[in-house]
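Here it is, the structure in full.
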Amino acid sequence: MTGTVTGGTVTGGTVTTTPHAGLAFAVLGTVQATLIFTITAIGVPLPDIGREFGLGSADLVLLSAAYGLPFSGLLLFGGRLADRYGGRPMFTVGLVVFGLASAIAAIAPGFAVLVAVRFGQGLGAALTAPAAMAVLRAVYPEPGAYRRAMATWGGLSVLGAAIGNLASGVLTTWVSWRWMFAIPVAVAGAALLLTPRRLPAGKPADGGPGGRPGLDPLGAVLAAVGITLAGYGLTVTGDHAWTSAAVFVPLGVGVLLLATFLVVERRVADPLLPPGFVRAPRRVLGLVGVLLAATGTGLISFLISLHLQQNRDWSPLATAGAFVPFALALIVAGRAAGPLIGRYGPGRITVLGLLIGGTGLLLLARLDEGTRYARDLLPGLVLLPVGAALIFAGTAVLTTGDVPAHQAGLAGGVLNTAMELGPTVGLAALMSVAATRADVIVGYAWAFGTAGAVFLLAALSATALLRDRHGDRVPEPSREAGPPRTG
């Protein structure tokens with residue numbers, strides 16, 4: 001079928017999108033980028049927050065992870081809610097929770113309140129992110145246009161991460177770290193105003209042949225508590241031994257709950273995560289790829305920010321400036337990713353991204369006391385975001401490209417869960433690697449080296465997967481609808 005994008009409905013040979021599709025994509029994409037911005041924005045001002053509240057290293061890691069733990073733990077349930085009740089209603093509820101928690105964070109009087117409202121932000125984000133992808137599916141109902149939109153969507157997350165580093169550094173230097181929470185408040189408020197008029201109302205999914213999907217509350221509790229406890233256990237490994245109760249108890253209980261979750265999902269009528277959903281080779285590659293890309297970008301944001309400020313005495317503004325090449329590389333690679341995916345396929349581009357990103361991380365593993373920014377840090381700060389942008393774009397298509405409309409929220413929940421496990425569980429695991437070295441800088445180098453090796457190993461495994469199981473065979477996007485326009 002051939003035709004042009006006109007807005008409205010599909011008539012004859014004309015492929016259409018919903019009215020105001022460009023503006024709708026801009027609203028949804030800005031919200032998605034802001035959800036990721038909120039993860040990384042805490043990185044640059046962490047030393048200032050630590051000094052103000054008298055925090056240790058484990059407290060800083062917990063503060064960094066407090067947003068991502070409930071975000072990642074509740075995303076599957078958020079996806080189910082979006083599929084059952086409709087994307088736009090859950091998008092609205094999530095924005096209200098996210099915006100209110102962000103406003104309270106800006107005036108938090110102490111560490112305990114700040115951690116609590118960061119958890120609140122994560123709860124709101126867990127409702128918002130999968131609902132946004134469900135609404136996006138309604139904006140681009142034609143499968144080819146939707147897959148092309150997802151190739152662009154993948155880059156928005158990593159761009160939000162880069163903007164978080166830059167904006168928080170500027171605000172921390174010129175005003176206060178508290179002002180970084182004004183950006184989520186403003187974005188949530190603007191999106192709430194535009195949602196009724198510019199986003200399609202859609203309708204709750206019919207669930208396919210089985211009717212509307214059930215909520216699976218037991219699965220939701222097991223997944224949320226299991227991910228949160230396991231992530232917390234990994235988070236505190238920086239200050240406690242693996243065999244200590246502080247680590248072993250939450251980590252062990254979390255793993256046990258997740259194992260129980262997998263068993264339960266095989267027995268319930270409407271599982272939160274259908275067992276067959278993640279079995280497709282291309283989806284396995286997509287989820288592993290997005291987890292690693294999120295881990296790599298989170299690791300750089302966290303460790304480079306701490307290194308430059310604590311070990312090199314850089315100001316927050318100078319530290320933010322160090323990430324300008326990082327952001328530029330993301331933008332350039334993100335714009336190139338869509339055409340590359342159209343030509344070579346999302347699987348091959350994901351593998352290429354893993355190779356480039358892994359090389360960048362290995363270059364950062366040379367970190368030592370004599371490390372210079374331009375000679376030693378800059379190559380890794382450019383290569384990693386190039387690789388990450390390719391990975392995020394490729395994995396977004398791999399994970400969601402063939403998902404039916406009634407599982408759009410599920411796909412969003414699964415994709416974002418993998419994305420959020422990176423800067424929380426992935427970062428905590430790599431920080432435990434760094435903690436094995438007495439010298440802090442050597443520990444950072446070990447963390448970068450470990451991450452780089454995992455990237456390259458994943459690239460080799462993915463190459464074999466694509467060759468043996470044809471995991472790159474995602475249907476080509478149709479030519480009728482052009483790429484989403486965000487202006």
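The values are calculated or read from the model by the stated rules, or taken from the named source; none is laboratory data. Fair warning: this is a prediction, and the values are worked out from it, not measured in the lab. Note that we place each Cβ from the backbone using ideal geometry, even for glycine, and neighbour counts take in every protein chain shown. Just so you know, the surface numbers come from the protein's heavy atoms only, side chains and all, with ligands and any DNA or RNA stripped out. Shrake-Rupley method; radii C 1.70, N 1.55, O 1.52, S 1.80 Å.
Can you bin every Cα-Cα distance in segment 21-78 into 5 Å intervals starting at zero and give me the percent of pairs per bin, rounded to whole numbers?
Whole-percent P(r) values from 0 Å outward: 4, 16, 19, 19, 15, 12, 8, 4, 2, 0.
Further question: What nm value, rounded to one decimal, do you get for the distance between residue 174 and residue 253 when each label is placed 7 Å out toward the C-beta?
4.6 nm
Using the alpha-carbon atoms, what tilt in degrees (0 to 90, nearest 10) does helix 182-198 show relative to the longest principal axis of the chain?
0 degrees
While we're here: Does segment 152-292 come out rounded, prolate or oblate, given a ≥ b ≥ c as the square roots of the eigenvalues of its C-alpha gyration tensor, rounded meaning a/c under 1.5 and, failing that, prolate meaning a/b above b/c?
Because a/c hits 1.5 or more and a/b fails to exceed b/c, segment 152-292 counts as oblate.
On a 0 to 90 degree scale, rounded to 10, what angle separates helix 21-40 from the longest Cα axis of the chain?
So the inclination is approximately 20 degrees.
A further question follows. Does segment 103-197 come out rounded, prolate or oblate by the C-alpha gyration tensor, with a ≥ b ≥ c the root eigenvalues, rounded set by a/c under 1.5 and, if not, prolate when a/b is larger than b/c and oblate if not?
Because a/c hits 1.5 or more and a/b exceeds b/c, segment 103-197 counts as prolate.
Separate question: When ranked by the protection proxy of mean other Cβ atoms within 10 Å per residue, highest first, what sequence do the peptides 433-443, 75-85 form?
75-85, 433-443
Direction-averaged shadow area of the convex hull around the Cα atoms of segment 274-422, nm²?
9.4 nm²
Residue 280 versus residue 268, label points 7 Å from Cα toward the beta carbon: distance in nm?
2.3 nm
Quick one: putting +1 on the C-beta of Lys and Arg, -1 on the C-beta of Asp and Glu, what dipole do you get for segment 113-199 around its Cα centre, in Debye to the nearest 20?
That gives segment 113-199 a dipole magnitude of about 100 debye.
Same structure, new question: For segment 316-375, count all C-alpha to C-alpha pairs, find those more than 14 Å apart, and express that count as a whole percent of the total.
70 percent
Related question: Could you sort 450-463, 145-158, 22-35 so that the peptide with the highest average Cβ count within 10 Å comes first and the rest follow in order?
Taking the mean over residues of other Cβ atoms within 10 Å, the ranking is 145-158, 22-35, 450-463.
Using a 1.4 Å probe on the protein heavy atoms, what percent of the accessible area of the chain belongs to carbon and sulfur?
67 percent
Can you tell me how the chain classifies by the Cα gyration tensor, rounded, prolate or oblate, using a/c under 1.5 as the rounded cut?
Rounded, because the longest to shortest axis ratio a/c is under 1.5.
In square angstrom, what is the accessible area per residue of the chain with a 1.4 angstrom probe?
Accessible area per residue: 38 Å².
Length gain on complete extension for the stretch residue 241 to residue 331, per 0.36 nm per residue less the alpha carbon to alpha carbon distance?
Difference between extended and current length: 28.4 nm.
Using Cα pairs closer than 8 Å and at least 6 residues apart in sequence, work out the relative contact order for the chain, in percent.
26 percent
Quote the FRET efficiency, to the nearest 0.05, computed for residue 437 versus residue 324 with a Förster distance R0 of 30 Å and r equal to the Cβ-Cβ distance.
0.50
Same structure, new question: Helix 245-265 versus the longest principal axis of the chain: what is the Cα-based angle in degrees, 0 to 90, to the nearest 10?
10 degrees
With runs of 4+ DSSP H residues as the only contributors, calculate the mean residue ellipticity of the chain at 222 nm using -39,500 (n - 2.57) per run, divided by the residue total and rounded to the nearest 500.
After summing the helix terms and dividing by residue count, I get -24000 deg cm²/dmol.
Can you give the convex hull volume of the alpha carbon atoms of segment 386-450 per residue, in Å³?
In segment 386-450, the Cα hull volume divided by residue count equals 79 Å³.
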